[in-house]
Ligand SMILES: C[S@@+](CC[C@H](N)C(=O)[O-])C[C@H]1O[C@@H](n2cnc3c(N)ncnc32)[C@H](O)[C@@H]1O
């Protein structure tokens with residue numbers, strides 16, 4: 001796995017974070033060392049898929065990057081009548097995702113698309129996964145997307161929404177940020193790397209509070225919204241569409 005050293009030397013402070021070739025080439029290492037619990041979350045996405053994915057429906061992995069969630073879903077499908085649609089608008093990510101899917105021998109079909117998730121029709125979906133993707137969508141487009149996802153889900157279908165959140169109490173936010181930076185240091189990132197990555201992500205990754213997520217999911221139509229994972233400010237919610 002190529003090591004993420006992208007922010008280890010001084011960079012131009014005006015350079016914004018992008019999912020380009022450089023990031024894609026070290027993304028596996030970057031996300032594993034930056035998202036506490038990432039490997040466990042992938043495993044749990046498989047557990048969720050085994051419960052919610054239904055035969056003859058589709059599962060969507062929106063913002064699929066290298067296809068890690070796609071593969072976890074694929075290996076948990078009830079049978080190969082389920083199709084997975086994996087979407088990302090970064091050509092560098094999609095090229096690698098394609099080869100990762102190609103190298104995997106599970107028979108369930110996966111369609112890998114290089115497109116903006118705002119353009120993708122969501123139809124006959126039993127499971128949709130947004131694993132740390134919504135935070136990169138312009139805030140005023142987030143509800144539009146969630147409403148489309150809700151409308152595309154079959155009754156009883158589910159959305160997994162994982163996000164880096166912000167806490168509404170500044171003192172709690174400060175505590176969890178401090179602990180998160182300790183985690184990153186333990187993962188081998190220097191203070192320079194932590195500071196430069198944080199500044200590159202400003203206004204690119206725009207976090208919401210848990211309350212904002214809950215209210216927005218409710219407006220989009222989701223019935224039950226259950227937090228199933230939290231480590232520091234990284235959270236994941238399971239939002240379901242009521243059975244008819
Ligand atoms: C943090 S990564 C997601 C990680 C991935 N879901 C996983 O489980 O490993 C966010 C991804 O969303 C993609 N992305 C961001 N905005 C997008 C958009 N509007 N349409 C499609 N993909 C998008 C980025 O290219 C990036 O690969």
* Looking at the chain, send over the antiparallel percent of its DSSP beta bridges, to the nearest 5. => 40
* Asked: For the range 204-244, what class follows from the C-alpha gyration tensor (a ≥ b ≥ c being the square roots of its eigenvalues): rounded when a/c is under 1.5, otherwise prolate if a/b is larger than b/c, else oblate?
  -> oblate
* Asked: Of 194, 117, how do they rank once you tally other Cβ atoms within 10 Å and put the fewest first?
  -> 194, 117
* Name the shape class, rounded, prolate or oblate, that the alpha-carbon gyration tensor gives for the range 23-169, where a ≥ b ≥ c are the square roots of its eigenvalues, rounded holds for a/c under 1.5, and otherwise prolate holds if a/b is larger than b/c and oblate otherwise. => rounded
* Asked: Given 0.36 nm per residue, what is the gain on full extension from residue 124 to residue 5 after removing their alpha carbon distance, in nm?
  -> 38.7 nm
* Model label zone, residue 179; criterion: amide N under 17 Å from point 7 Å along Cα-to-beta-carbon; scope the range 202-236 -> 210, 228-236
* Could you work out the helix-only [θ] at 222 nm for the chain, with each DSSP H run of four or more residues adding -39,500 (n - 2.57) and the total divided by the number of residues, to the nearest 500 deg cm²/dmol? -> -13000 deg cm²/dmol
* In degrees between 0 and 90, to the nearest 10, how far off the longest principal axis of the chain does helix 38-52 point, with axes built from Cα atoms? -> 10
* **the chain, relative contact order in percent, only Cα pairs under 8 angstrom and at least six apart counted** => 22
* To do: Subtracting the Cα-Cα distance from 0.36 nm times the residue separation, let me have the gained length for residue 32 to residue 81 in nm, one decimal.
  => 14.5 nm
* Structure fact -> Rounded to the nearest 10, the angle in degrees between the Cα long axis of helix 139-152 and the longest principal axis of the Cα atoms of the chain comes to 20
* To do: Would you kindly state how much longer the chain becomes between residue 195 and residue 116 on full extension, computed as 0.36 nm times their sequence separation minus their alpha carbon distance, in nm to one decimal?
  => 25.5 nm
* **Distance in nm between pseudo-label sites at residue 187 and residue 21 (7 Å out along the Cβ direction from Cα)** => 2.5
* Shape call, the range 71-123: gyration tensor on alpha carbons, a/c limit 1.5 -> oblate
* To do: With everything on Cα atoms, drop me the angle between helix 191-201 and the longest principal axis of the chain, reported from 0 to 90° to the nearest 10.
  => 50
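Rule-based calculations on the coordinates, nothing more; no lab input. Everything numeric in this text was worked out from a predicted model, so none of it was measured. Cβ coordinates were reconstructed from backbone atoms using ideal geometry, including for glycine residues, and neighbour counts include every protein chain displayed.
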